[in-house]
Amino acid sequence: MTGGAPDVDAFEHERSRLVALAYRITGSRTEADDVVQDAWLRWDGADRSVIERPAAWLTTVTSRLALDRLRSAQHRREAYVGPWLPEPTTSVATPDELAERAESLTIGFLAVLERLGPVERVVFLLADVFAVPFDEIATVVDKTPEACRQVASRARRRIREARPRFAPTDEEAWAVTAAFLTAAQQGDLDALVDLLADDAVAVSDGGADVHAARRPVVAARIPRFLVNLTRRLTADDEVIPVAVNGQPALAIRRHGRTTMAVVVAVADGQVQRVWSILNPDKLARLDAELGPT
C-alpha cells in the first residue's frame, strides 16, 4: 500500500463521477455516498503501485459495490408499498456532466431503469451512459465481453420501449412548471388541463407511512389529484423552486424539514410527467442538500 497527497488527489479527481455512477445504479444518493466511501476504503488499502489506470480501477470497484447494494435492495423494492421512485437530489452531477448525461439523471429515466435486472442495469449504464469498454464491464459482472454486449443490447430494447421524452431544463420548462404548479395551488382546474399533455401521468411515492396515490394517475384525473395534494399545504409551509435531478421542481419544507418534492417533466410546452416524493426517508438527503432555512 502507498499513501500521500497524490493518491488522495487521484481519488478526489474521480469522486463526482463515481457518485454519479453509483447513484444511477442504486437510485439512492444515500447509498451512492456509502458506496463511494467503501470504494475509498478499498483504494486506501490497495497497492496502488500495481494499479495502472486508477480511473478504470475505481470504476470497477464502485460498480461492483453498487451492484451488491442493488441486489440486496431488490426484495425491499418488490415489497415496497405503492410506486417506487428514486431519491431526489440536487447535486449528483457537475454542469458538464449534466450536459452529457442529463437524461440518465432524470426521475423518469431512473424509474424506467427499474424494469431492468441488477446486472442489466449495471451493464447498460456502464456501456451506454459512462462509455466503459465491454472488456472492463465484463470484470464487473463476471461475464464475457460478448455476453455483456448481448445484455446491453437487450437492456437497450427494454429501455427504448418505455423511454420517456426528455427536454432540458430551460427557461420554457421552468415557465410551464411555474404556471402549472401555481394553477394547482389556486385550484384552477381549467389551467391545469390546458398545460397537461394528453398522455400525462402523475406518480407519487409515499412508501408505507405517508398517504399517497398507490397507482399512477392518468391525465384526466391529474388536475383534481394535484389540487388535493396542494391542499395539504399550510401557512407553515415554505415552497422552494429548485432543480431536482436536472428538472424543474418544488421542495415543500415545514419548520426546516422537507415534506414533499414535486418534480415536473416538460416537453413541447406541456407537462408530460409529475413525480411527487413524500417518503421522508427519501427526502432526508434532499434536506441535507438544501440546508437550513
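The values are calculated or read from the model by the stated rules, or taken from the named source; none is laboratory data. Keep in mind that this is a model prediction, so the values were computed, not measured. With ideal geometry, Cβ positions are generated from the backbone for all residues, glycine too; neighbour counts draw on all protein chains shown. Side chains included, ligands, DNA and RNA excluded: accessible areas come from the protein's heavy atoms. Shrake-Rupley method; radii C 1.70, N 1.55, O 1.52, S 1.80 Å.
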With Cα atoms, 0 to 90° folded angle of helix 280-290 axis to the chain main axis:
80
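Please go through the range 18-99 and write out the GluC sites (Glu not before Pro) that DSSP classes as loop and that have at most 11 other C-beta atoms within 10 Å.
On the way: sites: GLU31, GLU52, GLU78, GLU97; in loops: GLU52.
Sites meeting the loop and neighbour criteria: GLU52.
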Go through VAL244, ALA267, LEU286 and say which Cα lies farthest out towards the positive end of the charge dipole of the range 242-293; charges sit on Cβ, +1 for Lys and Arg, -1 for Asp and Glu.
LEU286
Helix 29-45 against the longest principal axis of the chain: what's the angle in degrees, Cα atoms only, rounded to the nearest 10?
10
Which residues does the label zone of ALA288 cover in the range 21-60, counting backbone N under 12 Å from a point 7 Å along Cα→Cβ?
29-37
With a 1.4 Å probe and all protein chains kept in place, how much accessible area does SER276 have, in Å² rounded to the nearest 10?
0
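Nothing charged except the Cβ atoms of Lys and Arg (+1) and of Asp and Glu (-1): what's the magnitude of the dipole of the range 53-212 about its Cα centre? Round to the nearest 20 debye. Intermediate results must be reported in sequence, preceding the final value.
Numbers: 18 positive and 25 negative charges, 220 e Å.
Roughly 1060 debye, rounded to the nearest 20.
Hey, any idea what % of the range 161-293's accessible area is carbon plus sulfur with a 1.4 Å probe?
Working: 3220 of 6520 Å².
Accessible surface attributable to carbon and sulfur in the range 161-293 totals 49 percent.
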Report for the range 195-293 the percent antiparallel among DSSP-assigned beta bridges with both residues inside it, nearest 5.
80
Taking a probe of 1.4 Å and leaving out DNA, RNA and ligands, the range 62-141 shows per residue an accessible area in Å² of 39
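Mind checking the dipole of the chain: about its Cα centre, +1 per Lys or Arg Cβ, -1 per Asp or Glu Cβ, Debye to the nearest 20? Working shown, then result.
On the way: 36 positive and 43 negative charges, 228 e Å.
Here the size comes out at about 1100 debye.
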Using a 1.4 Å probe on the protein heavy atoms only, what accessible surface does GLU146 show? Give it in Å² to the nearest 10.
100
Can you find, among PRO86, ASN228, LEU105, the residue farthest towards the positive end of the dipole of the chain? Put +1 on the C-beta of Lys and Arg, -1 on that of Asp and Glu.
ASN228
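Within 10 Å, count the other beta carbons around each residue, average over each peptide in 119-129, 196-206, and list them highest first. Write out the running numbers ahead of the final one.
Values: 119-129: 22.3, 196-206: 19.4.
The peptides rank, most packed first, as 119-129, 196-206.
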If I model a spin label at ALA208 and ASP281 as a point 7 Å from the Cα along the Cα→Cβ vector, what separation in nanometres do I get?
0.8
